[in-house]
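The values are calculated or read from the model by the stated rules, or taken from the named source; none is laboratory data. Here the structure is a predicted model, which means the values were calculated and not measured. Don't worry about glycine lacking a Cβ; one is built from the backbone with ideal geometry, like all the others, and counts go over all protein chains shown.
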Amino acid sequence: MRLTTSTNYATPAMKITHVVSSDSLELPHVVMQENDSQDNWVAQQVVKGLTTSLVEKAQNGEDCTHLLQNLGNQLTPATLSVAVEHGALQAAVVARSSPDASGRVSVGRTFAARVYLCACSIGDSQLANWVSQDRVSRVLYWKGSLLALELRDGRRALYDDARLEQPSAESFVNYSWDVRAMLDAFRKIGGRDVLVLGLRSGGILPKTLSESGAKVACAAESPEAVGAAEAFSGWNGPTWYYGGWPNRGEWDCVFVDVDDPSAIDAAMRLSRGVCVYGVDASAAQRVAQQCRARGACVDVLNADPYAWESNARAVVVARAPAPVSRPKRRLDDDEEDCPLFMDAMPLGGVSSNRALAGLAALVDEGEPKRRRVGEAQVGMALL
């Protein structure tokens with residue numbers, strides 16, 4: 001790995017009371033005492049800048065050896081949360097599993113060990129476990145906040161959070177609950193033309209729908225999501241991204257596979273049949289209420305809260321109301337004889353219609369000699 005700029009920062013004075021191997025699975029009690037003269041705010045800004053630069057250069061494929069070393073030297077328990085928030089844990093996982101030119105991972109393991117010690121000192125076992133265990137077989141994709149990994153047990157996982165707490169998508173061996181529920185809904189609903197808004201499932205949802213015989217198109221929430229879906233699931237079907245959802249078009253079914261409120265209205269606008277939403281369980285009733293406000297028939301499917309794979313998700317199925325054709329107004333027999341509903345001369349003329357003849361008689365004021373005048377005036381009114 002090469003680094004174009006090399007900047008050395010002063011290492012804050014600190015004392016480590018216990019040192020362990022980075023491969024240890026235990027969580028020893030580690031105490032780091034910072035120099036009281038160190039400005040905590042300045043230290044956080046330095047770590048933030050180093051982490052941002054490290055992530056950016058690493059995702060661009062540049063050499064980050066010196067940045068890893070510098071960030072490891074600056075990292076303390078007080079600055080760990082800032083570093084993780086800006087991608088330090090993802091960088092540590094990638095660096096730990098990526099060999100250098102000589103085939104070793106010494107630099108990555110050293111940095112991961114530093115993250116491990118800081119995590120142990122504040123009792124964060126979740127971070128410590130990530131950087132202490134060899135979980136990752138290879139890195140499939142890393143761009144922005146999206147990290148796709150192939151794990152040593154054969155599974156694939158796609159993460160979209162800095163702490164890597166819960167995968168947003170898992171491999172075909174183990175679908176997440178909401179993806180399974182959305183696929184089951186499609187099997188019951190049917191449909192030929194399908195639109196998928198978002199790629200939260202890493203492309204698993206559109207790929208499985210396509211394999212089921214549907215004609216699928218996708219609108220992605222970001223260009224990074226497009227790359228992650230291709231690397232994670234192999235989805236390479238019609239997909240576009242232009243900073244928003246489609247404005248035109250109609251599909252039999254629209255699936256919402258992204259946590260974006262704007263996609264709710266977009267799906268109802270673009271569907272001529274059914275909308276299926278995969279959402280957080282806490283947002284399910286709000287989504288259902290919005291769909292009902294548009295006249296849709298709504299079913300809410302909640303994941304089993306006691307199931308380990310549920311991850312507090314829900315699926316909302318909204319069936320758009322069928323267009324109602326209004327029949328043409330049919331006039332009653334009495335109305336057909338009424339001049340108020342006439343817009344043309346009846347067959348036989350004015351004299352053959354009782355209502356019109358009565359009007360003509362009123363015009364003639366009962367004088368037979370003026371009858372032709374009354375009929376003429378009534379006939380002119382109908383022209």
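Looking at the range 69-80, which of its residues are of a type in the set (Gly, Ala, Ser) and in contact with an Asp or Glu (Cβ under 9 Å, 6 or more places away or on another chain)?
If the condition is that a residue be of a type in the set (Gly, Ala, Ser) and in contact with an Asp or Glu (Cβ under 9 Å, 6 or more places away or on another chain), then 78 is the only one that fits.
Checking residue 343 against (1) part of a helix (DSSP H, G or I); (2) touching a Leu at 6+ places or on another chain (Cβ under 9 Å); (3) at pLDDT below 65; (4) not polar (S, T, N, Q): exactly one of these is not met. Which one?
Among (1) part of a helix (DSSP H, G or I); (2) touching a Leu at 6+ places or on another chain (Cβ under 9 Å); (3) at pLDDT below 65; (4) not polar (S, T, N, Q), the lone unmet condition for residue 343 is (1).
From the list 133, 74, pick out the single residue that is in contact with a helix residue (DSSP H, G or I) (Cβ under 7 Å, 6 or more places away or on another chain) and either farther than 16 Å from residue 231 by Cβ or surrounded by 20 or more Cβ atoms within 10 Å (Cβ to Cβ) (or both).
Numbers: 133 fails: in contact with a helix residue (DSSP H, G or I) (Cβ under 7 Å, 6 or more places away or on another chain).
On inspection, the qualifying residue turns out to be 74.
In the range 186-203, what count of residues is obtained for those that are aliphatic (A, V, I, L, M) and modelled with pLDDT under 90?
Total meeting the criteria: 1.
State the number of residues belonging to the range 87-109 that are modelled with pLDDT under 90 and assigned to a helix (DSSP H, G or I).
So the answer is 7.
Test each condition in (1) modelled with pLDDT of 80 or more; (2) exposed (fewer than 13 other Cβ atoms within 10 Å of the Cβ); (3) over 21 Å from the mean Cα position of the chain (by Cα) for residue 330 and report the one that comes out false.
With (1) modelled with pLDDT of 80 or more; (2) exposed (fewer than 13 other Cβ atoms within 10 Å of the Cβ); (3) over 21 Å from the mean Cα position of the chain (by Cα) applied to residue 330, the lone miss is (1).
I'm told residue 199 meets every condition in (1) in contact (Cβ under 8 Å) with a residue 60 or more places away in the chain; (2) assigned to a loop (DSSP other than H, G, I, E, B); (3) closer than 15 Å to residue 279 by Cα except one. Can you identify the failing condition by its number?
Answer for residue 199: the failing condition is (1).
Do we find a residue being more than 17 Å from residue 205 (Cα to Cα), in a loop (DSSP other than H, G, I, E, B) and of a type in the set (Gly, Ala, Ser) anywhere in the range 259-280?
The answer is no; no qualifying residue exists.
Here's a check for you: in the range 115-174, which residue that is among the β-branched types (Val, Ile, Thr) and assigned to a strand (DSSP E or B) is farthest from residue 61 (Cα to Cα)? Give the derivation first.
Pass one, the range 115-174, residues among the β-branched types (Val, Ile, Thr): 115, 122, 131, 136, 139, 173.
The next check asks that each one be assigned to a strand (DSSP E or B); those that pass are 136, 139.
Details: 136: 19, 139: 13 Å.
Here the answer is 136.
Take the residues of the range 218-238 that are within 19 Å of residue 276 (Cα to Cα) and in contact (Cβ under 8 Å) with a residue 24 or more places away in the chain: which is surrounded by the fewest Cβ atoms within 10 Å (Cβ to Cβ)? Write out each step before concluding.
So in the range 218-238, the residues within 19 Å of residue 276 (Cα to Cα) come out as 218-221.
Add one more test, that the residue is in contact (Cβ under 8 Å) with a residue 24 or more places away in the chain, and what stays is 219, 221.
Numbers: 219: 23, 221: 21.
Ranking the candidates gives 221 first.
Return the residues of the range 264-286 that are buried (at least 22 other Cβ atoms within 10 Å of the Cβ) and under 13 Å from the mean Cα position of the chain (by Cα); say none if nothing qualifies.
264, 267, 276, 277, 278, 279
Condition first: in a strand (DSSP E or B), touching a Leu at 6+ places or on another chain (Cβ under 7 Å), within 18 Å of residue 319 (Cβ to Cβ) and at pLDDT 90 or above. Can you find one or more residues in the range 230-252 that meet it?
Checked the range 230-252: at least one residue is in a strand (DSSP E or B), touching a Leu at 6+ places or on another chain (Cβ under 7 Å), within 18 Å of residue 319 (Cβ to Cβ) and at pLDDT 90 or above.
Exactly one condition in (1) among the polar types (S, T, N, Q); (2) surrounded by 16 or more Cβ atoms within 10 Å (Cβ to Cβ); (3) farther than 30 Å from residue 85 by Cβ is false for residue 212; which is it?
(2)
If you go through the range 287-308 one residue at a time, do you hit one that is modelled with pLDDT under 55 and surrounded by 10 or more Cβ atoms within 10 Å (Cβ to Cβ)?
no
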